[in-house]
Amino acid sequence: EEQNSKVDYALEVDKYNDKIQEFIKDLPFELTSDQIKAIDDITTDLKKIHPMNRLLEGDVGSGKTVVAIVAIYLNYLNGYHSILMAPTEILANQHFVVLNGLLAKKGIKVNLITGKNKKIKPAGTAGLCCGQYVSQQITSA
């Protein structure tokens, strides 16, 4: 049923392909062939007007976060906000450091929201919120 539902938009992937490739080239490491394939699969899904239903799985340290960051960057280029959720405050903090390090170079503001600091405004000028699973609604300004 979900595969038959539609969204109001599809992301413009081809328009930003050069920026995505530049972002990938500027990473402090080279992506694996599996990461590249996952990014290609995800960007293909994001071109469609149907919601993406995909699970990215792998061992700890296998590079899932960087695949998510590329999708988040593409979402940002299309004018949308993103949120990356983590099950613990420690992991949320780790993601925040990584995301901020990679995305600040592109002028993207990253906010961190956890159970301890949930009073921070999550949206506004931030292109991305990184946070711990908390029951809080994230809205764009």
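What the table shows:
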| quantity | calculated |
| --- | --- |
| Sequence-distant residues sharing a close amide H with Ile113 (under 5 Å, placed H) | Cys130, Gly131, Gln132 |
| Estimated inter-spin distance, Asp34 and Lys116, nm [label 7 Å along Cα→Cβ] | 3.3 |
| Full-extension gain in nm, Leu27 to Lys47, via 0.36 nm per residue minus C-alpha separation | 4.8 nm |
| 5 angstrom amide H check on Ile83, placed H, neighbours 5+ away | Cys129 |
| Prolate/oblate/rounded label for segment 1-84 (Cα gyration tensor, a/c 1.5) | oblate |
| Low-density loop cleavage sites - GluC sites (Glu not before Pro) in segment 9-81, where at most 10 other Cβ are within 10 Å (DSSP) | Glu30, Glu57 |
| Linear extension gain, Asp14 paired with Val98, 0.36 nm per residue minus alpha-carbon span | 27.6 nm |
| Estimated vicinal HN-Hα couplings, Hz - segment 24-40 in sequence order (Karplus 6.51, -1.76, 1.60; Gly, Pro = x) | 5, 5, 7, 4, x, 7, 9, 6, 7, 5, 5, 5, 4, 5, 4, 4, 4 |
| Ile90-Arg54 FRET efficiency (beta carbon distance; Förster radius 30 Å; 0.05 resolution) | 0.70 |
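Values in this text are rule-based calculations from the coordinates and carry no lab data. Keep in mind that this is a model prediction, so the values were computed, not measured. Note: ideal-geometry Cβ built from the backbone for every residue, glycine included; neighbour counts use all protein chains shown.
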